[in-house]
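Novice: Pasting in a structure now, in structure tokens, and then I'll have a few things to ask.
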Amino acid sequence: MGELQAFNMKLKIGNLKLKNRLFLSPMVDVTDLPYRILCRKQEVAMAYTEMINIPAILHENKKTLNMMKTSFEDKPLGIQITGNKVEDFSKVLPFLDSKKYSLVDINCGCPSSRIVGNESGSYLLKNPKKIGDIIKVLKNSGIPVTAKIRLGFKENEVLKISKEIERAGADLITVHARTAVQRNREPADWSWISKVKKEIGIPVVGNGGVSKPEDVAKMLDIADGAMIASAAIGNPFIFREALRYLRTGKEKEVTGKERIKGFLDYISLAEKYDLVDIGRIHFLGGWFLRGFSGASSVRQELMKMKDIVEVRRFVNQL
Ligand SMILES: Cc1cc2nc3c(=O)[nH]c(=O)nc-3n(C[C@H](O)[C@H](O)[C@H](O)COP(=O)(O)O)c2cc1C
């Protein structure tokens, strides 16, 4: 990363000012309120809700309200929504409360058969004009509008798609540098992130395969921001270490003790916000509880536990 950029870590999205250029990806079953707060404690500048389907928002059931939950400790926050019909996006406008959400992001990347079957997520990439129409509708919310895309559905059409998104008035675009049919084990092709950056004027955030601090530095050489998903699961510390690396060229190893403490902090926050979900505790614990001797048997024990009191007691004595 060039020296100049190292001193210019702030970023603007419409009227929203970010303290640095690190983004936590929206992730289903991961980026709930407690998890976002944990990452913010490690200095990530921007975070999102997991993707939320428009019908779920309109029905306001408990599960969705939990996904939409935020707090004073959780700013700035993007709400990510999925849907297929332009009219449906206009129905969520009353829910886009600027006191809670700093921006709204359109999911144009999810490849799951359930979402694609519903003509949402990455299916939208087949029709860039429709994405543009959705952006125009969402602009009526008064908060910045962003889109998270892939390179295309089957074909790489990223330049055409990004230009349409910019033309429609979006404030930022995130590019996950794979097509929707590519598996995550195939390498993301960052050269397309550079090409998008050269073609459009709005900020471009790069995503896909940013798995260590050095990758963040490389991404920030070509894009305005670096977004991390998989590598941040059970490892909120990656943001702190990425910033350290950007400042000093060095990173510090995250200790097993820190990981255990991070998991306990997640549990406390989940309790504080009444968002305890034992399935999620198992899943996240499986990622947090690594990097110390005996970690694998600890994880096996954890998976057998059915209530949070038991989990807390067990993890506390590690
Ligand atoms: C568990 C998990 C859940 C995800 N959920 C979402 C989501 O809700 N919305 C979204 O736009 N992308 C979602 N993604 C995709 C990521 O945001 C990201 O684009 C992708 O994993 C590539 O980044 P990475 O290489 O850093 O993992 C998810 C990824 C994972 C691993």
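Novice: Working only within the stretch 245-272, note down all residues that are among the aromatic types (Phe, Trp, Tyr) and either over 20 Å from the mean Cα position of the chain (by Cα) or modelled with pLDDT under 95 (or both).
Specialist: Let us first name the residues in the stretch 245-272 that are among the aromatic types (Phe, Trp, Tyr), namely 245, 263, 266.
Passing the criteria: only TYR245.
Novice: Pick out the one residue from SER71, SER122, SER113 that is touching a Pro at 6+ places or on another chain (Cβ under 8 Å) and at pLDDT 95 or above. Give the derivation first.
Specialist: Details: SER71 fails: touching a Pro at 6+ places or on another chain (Cβ under 8 Å); SER113 fails: touching a Pro at 6+ places or on another chain (Cβ under 8 Å).
Within the list SER71, SER122, SER113, the selection yields SER122.
Novice: Right, here's the next one. Using the structure shown, decide if ILE267 is more than 18 Å from GLN42 (Cα to Cα) and among the hydrophobic types (A, V, I, L, M, F, W, C).
Specialist: no
Novice: For the stretch 50-142, list the helices (runs of 4 or more DSSP H) that sit wholly inside it and hold at least 2 residues that are in contact with a strand residue (DSSP E or B) (Cβ under 9 Å, 6 or more places away or on another chain) and not assigned by TED's automatic domain parsing to the domain that holds VAL276; which are they?
Specialist: Helices (runs of 4 or more DSSP H) meeting the threshold: 54-59, 62-68, 128-138.
Novice: Give ASP88, ASP105, ASP97 a once-over and let me know the one that is more than 16 Å from the ligand (Cβ to nearest atom) and closer than 23 Å to GLU164 by Cα. If you could, list the steps in order and put the result at the bottom.
Specialist: Values: ASP105 fails: more than 16 Å from the ligand (Cβ to nearest atom); ASP97 fails: closer than 23 Å to GLU164 by Cα.
Going through ASP88, ASP105, ASP97 in turn, just one is more than 16 Å from the ligand (Cβ to nearest atom) and closer than 23 Å to GLU164 by Cα: ASP88.
Novice: What's the number of the only condition in (1) surrounded by fewer than 16 Cβ atoms within 10 Å (Cβ to Cβ); (2) closer than 20 Å to MET67 by Cβ that HIS282 fails to meet?
Specialist: For HIS282, the failing item is (1).
Novice: Still on this structure, I have one more. Right, ALA180: on the phi < 0 side of the Ramachandran plot and in contact with a His (Cβ under 8 Å, 6 or more places away or on another chain) or not? Working first, answer last.
Specialist: Values: on the phi < 0 side of the Ramachandran plot: yes; in contact with a His (Cβ under 8 Å, 6 or more places away or on another chain): no.
Judged against the criteria, ALA180 is not a match.
The values are calculated or read from the model by the stated rules, or taken from the named source; none is laboratory data. Just so we're clear, the structure is a prediction, and the values are computed from it rather than from any experiment. FYI the Cβ positions are ideal-geometry reconstructions off the backbone, even for glycines, and counts take in every protein chain you see.
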